[in-house]
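**Q** Pasting a structure here, questions to come.
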Ligand code: SF4
């Protein structure tokens, strides 16, 4: 995640740097250094930010599941952890999913694919008010 995206997410969440530091259990200085680009934003922070953002964006009980969007077969579903744990709107959160991400080993490489995926992009869309 680039620093501009972190700033954008913080603003979407309507949080100050201090608020975000408390939510992520890091120091205010750490948040400042992420936003200034002095420190790389680690995967666990990126994951938390996306997770919080996904919770902001409306009612997930009515959201379409990834296996429906991707039209996964019964066999694919059976082999996929997103199906196993019934996290069809959070498939981007876990590795080992069996869509295009199967062969990916790291969060960063998986996220390169997920960022272009409609499932992930729908999670980032503006919340309903
Ligand atoms: S590409 Fe990523 S966001 Fe899209 S269905 Fe697969 S795991 Fe989910």
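Please treat every number below as a calculation from the coordinates, not as lab data. All values reported here derive from a predicted model rather than from experimental measurement. Positions of Cβ are backbone-derived with ideal geometry, glycine not excepted, and every protein chain shown enters the neighbour counts.
**Q** Among 90-100, 28-38, what's the highest-first ranking by average C-beta atoms within 10 angstrom per residue?
**A** 90-100, 28-38
**Q** Take every Cα pair under 8 Å in the chain that's 6+ residues apart, average their separations, divide by the length, and report that relative contact order as a whole percent.
**A** That works out to 21 percent.
**Q** Then there is this: Which three extents, in whole angstrom, do the alpha-carbon atoms of segment 59-129 cover along their principal axes, largest first?
**A** Largest to smallest, the principal-axis extents are 37, 27, 18 Å.
**Q** Hey, another quick one. Modelling each spin label as a point 7 Å along the Cα-to-Cβ direction, I'd like the residue 17/residue 86 distance in nm, to one decimal.
**A** If labels sit at residue 17 and residue 86, their model points lie 4.2 nm apart.
**Q** Then there's this: In deg cm²/dmol and to the nearest 500, what is the mean residue ellipticity at 222 nm of the chain if only DSSP H runs of at least 4 residues count, each as -39500 (n - 2.57), divided by the residue total?
**A** Result for the chain, helices only: -14500 deg cm²/dmol.
**Q** Where does each of 112, 53, 20 land when they are ranked from fewest to most other beta-carbon atoms within 10 angstrom?
**A** 112, 53, 20
**Q** In addition: In angstroms, what radius of gyration and Dmax does the chain have, counting Cα atoms only?
**A** Rg then Dmax for the chain, in Å: 15.6, 48.
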